[in-house]
Amino acid sequence: MEKRLVSSLRTESLFKPLQLKSLSLKNRIVMAPMTRNFSPEGVPDENVASYYRRRAEAEVGLILSEGTVIDRPASRNRPAIPFFHGDDSLAGWKRVIDGVHAAGGKMGPQIWHVGAISSGATEWAPDAPFESPSAVYSPGKPHGVAMTDEDIADAIAAYGRAAGAAKRLGFDTVEIHGAHGYLIDQFFWAGTNVRNDRFGGATLKQRVTFAAEVIKSVRAAVGEDFPVILRISQWKLQDYNARLAETPDAMRDWLGPLVEAGADALHCSQRRFWDAEFPDLDGKDGLNFAGWAKKLTGAVTISVGSVGLSGDFLNAFKGERSRPASLDNLIQRLERNEFDLIAVGRALLNDARWAIKIRDGDHADLKDFTSAAFRDLR
Ligand SMILES: Cc1cc2nc3c(=O)[nH]c(=O)nc-3n(C[C@H](O)[C@H](O)[C@H](O)COP(=O)(O)O)c2cc1C
C-alpha cells in the first residue's frame with residue numbers, strides 16, 4: 001500500500017478562504033488555464049460550459065479559463081481556440097460564467113494573444129500574418145511581421161476591451177497571459193524584442209513597457225476593485241531553459257513595474273512547483289518562483305506545476321503517464337505562506353472531482369494521467 005498522499009488533517013491550508021479585492025475565494029485551489037481547442041469558429045458551446053461547471057460543482061475555488069484571444073487579426077494559432085470578442089463568442093462565455101456561478105464557483109477568463117507562435121500541431125494559420133515585437137519566433141528565427149506603433153496601440157486597447165467584457169459578463173476576475181513565449185512574453189524577452197522604440201530596450205525594466213500598458217488598459221476598463229491577475233514565466237515554449245531574471249534584483253525590475261501598473265496577483269508558471277528559483281541563494285528546497293515573486297513585490301501569488309502528479313506536463317504532451325503523487329511538499333509551502341494559491345492543471349483536466357477527493361481524503365479514487373485526457377472534455 002502506498003503511503004497516504006496527504007494526511008487528511010493537514011489539508012486545512014488548501015481549504016482556507018482568501019479575499020482578493022472583490023473576489024472571495026472559498027479555498028486555495030485554482031484550475032490552471034488550459035487550451036482545449038473545442039470552440040469551433042471561436043465560440044464556446046454547451047460542452048465547454050458544462051466542462052467548467054463540473055469543476056465549479058466539485059470544490060475548485062477559482063477556475064481560470066483556457067486562453068481566449070483578443071480582437072486582433074492573428075491572435076490565435078488554432079481554429080477552435082475561443083475568441084473573447086464578438087457577440088457569439090461572448091454569448092458563449094456568458095453561458096459559461098452563469099453555469100459556474102449557479103454551481104457556486106468563481107471564474108476568470110485567461111486573455112491571450114499568441115504573438116509569433118504558430119501551432120506545432122496544425123498547418124492552419126489565421127488570415128493575417130503572425131505578429132510580434134520583432135518578427136521572430138525565437139532569437140534569430142524570423143517569423144511573421146513586426147508590430148507597428150498602430151498595431152501595438154490597437155492590441156493594448158483590445159486587451160482592455162476583453163477585460164471590460166469579462167467584467168460586464170459577470171466574471172469574477174481576469175487573467176492576462178504574459179507567459180510561455182507568447183506575445184507579451186516576446187516583449188519581455190531580449191531574444192524576441194530587439195525594437196529600438198520605447199517598447200524595446202537593453203534592459204528588462206525597459207522591455208516591460210508593453211505589458212505595463214496592457215495592464216493599465218485592463219485596469220482602466222475594469223475599475224479599481226476588480227482583481228487583475230498576470231501570468232508570467234521564465235521558461236518559453238521556444239526554449240524551456242530560458243530565464244528572464246537570473247537574480248532577485250532582475251526579478252524585481254521585471255515584476256515590480258507590473259504590480260505598480262495594476263496587477264493584483266502574479267501567476268508564476270513553472271513546470272514543478274517544488275523547484276527552487278534561486279537555489280544558489282537559499283538552497284534546493286528554497287523559495288519557488290511564486291515565493292520569490294511574493295517576497296519581492298508583496299503581490300498575491302499563484303504557484304503551479306505538477307501538483308498531485310508524478311510527471312510534468314511537457315512530458316505528458318510526449319505521451320508519458322503520470323501517477324497520483326503526494327501533496328505534502330505543497331502543503332508545507334502553503335502552511336509557511338510561501339505563496340497564496342495553487343493552480344492545478346492536468347489533475348483537474350483529467351478529473352473534475354479532483355479537489356473534492358483531496359478534501360475528503362478519497363485518495364484511492366485519484367486517477368493516473370494519460371494523454372487520452374487531451375482528447376475530450378471529460
Ligand atoms: C492541455 C494543456 C493546455 C494548456 N494551455 C495553457 C493556456 O492556454 N494558457 C496557459 O497559461 N497555460 C497553459 N497550459 C499550462 C498549464 O496552465 C499549467 O501551467 C501546466 O499544465 C502545469 O500544470 P500541471 O502540471 O498541473 O498540469 C496548458 C497545459 C496543458 C496540459
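The values are calculated or read from the model by the stated rules, or taken from the named source; none is laboratory data. Not measured: the values here are computed from a predicted model. Here the Cβ positions follow ideal geometry from the backbone for every residue, glycine too, while neighbour counts run over all protein chains shown. The protein model used for the area step is the full one, side chains on, heavy atoms only, and it has no ligands, DNA or RNA in it. Shrake-Rupley method; radii C 1.70, N 1.55, O 1.52, S 1.80 Å.
Bridge orientation summary for region 246-378: considering DSSP beta bridges with both residues in this region, about 25 percent are antiparallel. Beta bridges assigned by DSSP with both partners in the chain are antiparallel in approximately 20 percent of cases. Once the chain from residue 224 to residue 24 is taken as fully extended at 0.36 nm per residue, the excess over their C-alpha distance is 70.4 nm.
Per residue, region 73-171 exposes 40 Å² of solvent-accessible protein surface, assessed with a 1.4 angstrom probe and all protein chains in place. Hand me the GluC sites (Glu not before Pro) from region 245-324 located in a DSSP loop with no more than 12 other Cβ atoms within 10 Å, in residue order please. Within region 245-324, the qualifying GluC sites (Glu not before Pro) (loop, at most 12 other Cβ atoms within 10 Å) are 246. Take the alpha-carbon centre of region 32-55, take the same for region 231-254, and report the distance between them in whole Å. Going from one Cα centre to the other spans 30 Å. Magnitude of the charge dipole for region 228-280, about its Cα centre and with charges confined to Cβ atoms of Lys, Arg (+1) and Asp, Glu (-1), is about 280 debye. Considering only beta bridges that DSSP places wholly inside region 63-143, some 25 percent are antiparallel. Multiplying the residue separation of residue 375 and residue 196 by 0.36 nm and subtracting their alpha-carbon distance yields 60.1 nm. About its Cα centre, the chain has a charge dipole of approximately 760 debye under the convention of +1 per Lys or Arg Cβ and -1 per Asp or Glu Cβ, with nothing else charged.
Each Cα pair under 8 Å and six or more residues apart adds its separation to the average, and for region 96-175 the resulting relative contact order is 38 percent. Look at the Cα gyration tensor of region 175-309: its axes a ≥ b ≥ c give a/c of at least 1.5 with a/b at or below b/c, and that counts as oblate. Protection proxy ranking, highest mean first, for peptides 310-318, 28-36, 202-210: 28-36, 202-210, 310-318, where packing is the per-residue count of other beta-carbon atoms within 10 Å, averaged. Positive-end ranking of 230, 58, 101 along the dipole of the chain, with charges on Cβ about the Cα centre, is headed by 58. Out of every Cα-Cα pair that the chain contains, those further apart than 39 angstrom amount to 9 percent. Within the shell defined by Cβ-Cβ distances under 12 Å, the residues around residue 270 carry a net charge of +1, with Lys and Arg each +1 and Asp and Glu each -1. For region 292-360, the relative contact order comes to 36 percent (Cα pairs under 8 Å, sequence separation of at least 6). Farthest toward the positive end of the dipole of the chain, out of 265, 179, 329, is the Cα of 329, where the dipole comes from beta carbon charges about the Cα centre.
Considering only alpha-carbon pairs that sit under 8 angstrom and 6 or more positions apart, the relative contact order computed for region 244-378 is 21 percent. The separation of region 270-329 from region 76-148, counted between C-alpha centres, amounts to 26 Å. Annotation: peptides 40-46, 95-101, ranked by per-residue average of other Cβ atoms within 10 Å with the highest first, follow the order 95-101, 40-46. Dipole magnitude for region 93-238: about 380 debye, using +1 per Lys or Arg Cβ and -1 per Asp or Glu Cβ, origin at the Cα centre.
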